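Worksheet: one structure, shown below.
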2 protein chains.
Amino acid sequence: MKLTEARQHFISSWGAFGTHWGINRTMAQIHALLLISPDPLTQDDIMEELNISRGNTNMNIRELINWGLVERVLLSGERKEYFTAEKDIWKVVKQIVKERKKRELEPMLQLLDKLEEVEGDKRDRHVKIFVDTVGGIKKLGKQADKTLDVMIRAEETWFVGNLLKMFK
Amino acid sequence: MKLTEARQHFISSWGAFGTHWGINRTMAQIHALLLISPDPLTQDDIMEELNISRGNTNMNIRELINWGLVERVLLSGERKEYFTAEKDIWKVVKQIVKERKKRELEPMLQLLDKLEEVEGDKRDRHVKIFVDTVGGIKKLGKQADKTLDVMIRAEETWFVGNLLKMFK
DNA sequence: CCGAATTTTCAAAATTTATTGAAAATATAT
DNA sequence: ATATATTTTCAATAAATTTTGAAAATTCGG
């Protein structure tokens, strides 16, 4: 397979993959493109390569910056802004985990805390199943939260090494 | 908080949560409702409780069955079908992981295998970054795949125990 | 086999989400 | 300060996804 074709495949699959994870296609594609670009790109480079509008490009780049996956680069003597993505995949994964934990897991745990305090008699089957279910989710969620905290701080070698030990 | 209100909250949050994970709102809500229902429910029960149409209910129940999260229950002497969800959250999580691994991670790894064989000289910066990026993702993906395999087979007590050991 | 109950399908409608592109805002060189 | 390049915003539009509901198919008791 030629490089040009392989790049196309990679970008479109990364985009499709993203949509299964609540990330919009364009954002994932821009990320993919930056991942496989040896040098920083401008907005115009990205627009041209992916055939998307200026507005769309701009918004999704900013969103990637919010996620901590892309950063602005100022090239001396250049007026335009350039963008580049973190290439170390382990760092990328940790960053995504960190953000999703903050945006989704933590608010969910807060809600569950409140819901567990529902008033009513546990001898009522409906109360019992509700409290038990919420409690069960909370317990697992808290464990996941702790585990992810450690993962976020870990080095890949340490982490993978430990997983191998744990599982063999 | 009263039970009725708490149930509403739980169902709607579970739905919103689902949409961040590529699962449609209704499917997640039906799942939530079944999780907190002590007894199996019929399609009509679900339609009424969530105010959704018959077709929508039917399609999403079937999808939940495909995911292995809900099952049909036949109550003797009843003509209607009843549905119930697995209540053990650890089993639920394992089932979701198992499905997503099969549907998403494995196809992605297959693609990466092919993409890594791109032809071209690695002294070309574009070839090099492409091969390195794809290789890096593949390596981490394979590790995740193995780890998830073990997790899917694990008991919660064993798994949590090991994580605690690992991280403390 | 008939008829009623129940489930499933799917084209059309509604809703949600993503994208465009031009105008406004901002930044920079001279 | 002005002109020009560049970035950002956002209302309008387009596209994708979800939902409806009625018709078709299926199931099952008698």
ask   = Relative to the Cα centre, what is the charge dipole magnitude of chain B, using +1 at the beta carbon of each Lys and Arg, -1 at the beta carbon of each Asp and Glu, and rounding to the nearest 20 debye?
value = 560 debye
Above-threshold pairs, the threshold being 31 Å between Cα atoms, out of A:Lys80/B:Lys101; A:Lys142/B:Lys2; B:Lys80/B:Lys102; A:Lys101/B:Lys80 = A:Lys80/B:Lys101; B:Lys80/B:Lys102; A:Lys101/B:Lys80
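With all protein chains present, how much of the accessible area of the protein assembly as shown (probe radius 1.4 Å) comes from carbon and sulfur, to the nearest whole percent?
Numbers: 9550 of 18350 Å².
Carbon and sulfur atoms account for 52 percent of the accessible area of the protein assembly as shown.
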remark   = Expected field for B:Trp21, accessible surface area in Å² at 1.4 Å probe radius, rounded to 10, holds 70 Å²
ask   = Helix A:125-153 sits at what angle to the longest principal axis of chain A, using alpha carbons and giving 0 to 90 degrees rounded to 10?
value = 40 degrees
request  = In nm, give the distance between the simple-model label positions of A:Glu48 and A:Asp121, each being 7 Å from the Cα along the Cα-to-Cβ direction.
outcome  = 7.5 nm
ask   = How big is the accessible area of A:Met47 in square angstrom, nearest 10, if you roll a 1.4 angstrom probe over the protein chains?
value = 40 Å²
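With the Cα gyration tensor of chain A in hand, convert its eigenvalues to equivalent ellipsoid semi-axes via √(5λ) and list them largest first in whole Å.
Details: eigenvalues 326, 81, 48 Å².
The answer is 40, 20, 15 Å, longest axis first.
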remark   = With the full set of protein chains present, the residues of region B:52-92 whose 1.4 Å probe accessible area falls by 50 Å² or more relative to the chain alone are B:Ile89
inquiry  = Only Cα pairs within less than 10 Å get springs; with that Gaussian network setup on chain A, which residue of A:Val70, A:Val127, A:Val97 has the largest fluctuation?
reply    = A:Val127
query = What gaps in nm, shortest first, separate B:Glu155 from its twins in the other copies when you place the label 7 Å past Cα toward the beta carbon?
reply = 3.6
request  = Measure off 7 Å from each Cα along the Cα-to-Cβ vector at B:Lys146 and A:Asn58, then give the distance between these two points in nanometres to one decimal.
outcome  = 4.7 nm
message = So if each residue of separation counts as 0.36 nm, and I subtract the Cα-Cα distance between B:Ala154 and B:Glu99, what length gain in nm does that give?
response = 18.2 nm
request  = Pop out the ³J(HN,Hα) list for region B:155-160 in order, Karplus 6.51 cos²θ - 1.76 cosθ + 1.60 with θ = phi - 60°, rounded to Hz; leave Gly and Pro as x.
outcome  = 8, 4, 4, 4, 5, 5
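In percent, how large is the relative contact order of region A:89-166, given Cα pairs closer than 8 Å and 6 or more residues apart? Mind dumping the intermediate values first?
On the way: 31 pairs, mean separation 32.7, N = 78.
The value is 42 percent.
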task = Would you grab the residues whose amide H sits under 5 Å from the one on A:Val70? Only those 5+ places off in sequence or on another chain, please, with H modelled 1.01 Å from N.
result = A:Ile65
remark   = Placing each pseudo-label 7 Å from Cα in the direction of the beta carbon, A:Lys2 and B:His9 end up separated by a distance in nanometres of 5.9 nm
Coil-residue GluC sites (Glu not before Pro) of region B:1-96, DSSP, other Cβ within 10 Å capped at 14 = B:Glu78, B:Glu81
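Give me the accessible area per residue for chain A, probe 1.4 Å, as a whole number in Å².
Values: 9180 Å² over 168 residues.
Value returned for chain A: 55 Å² of accessible area per residue.
The values are calculated or read from the model by the stated rules, or taken from the named source; none is laboratory data. Bear in mind that the values here come from a model prediction, so they are computed numbers and not experimental data. In this analysis, Cβ positions are derived from the backbone assuming ideal geometry, glycine residues included, and neighbour counts consider all displayed protein chains. All accessible areas refer to the heavy atoms of the entire protein, side chains included, with ligands and DNA or RNA removed. Shrake-Rupley method; radii C 1.70, N 1.55, O 1.52, S 1.80 Å.
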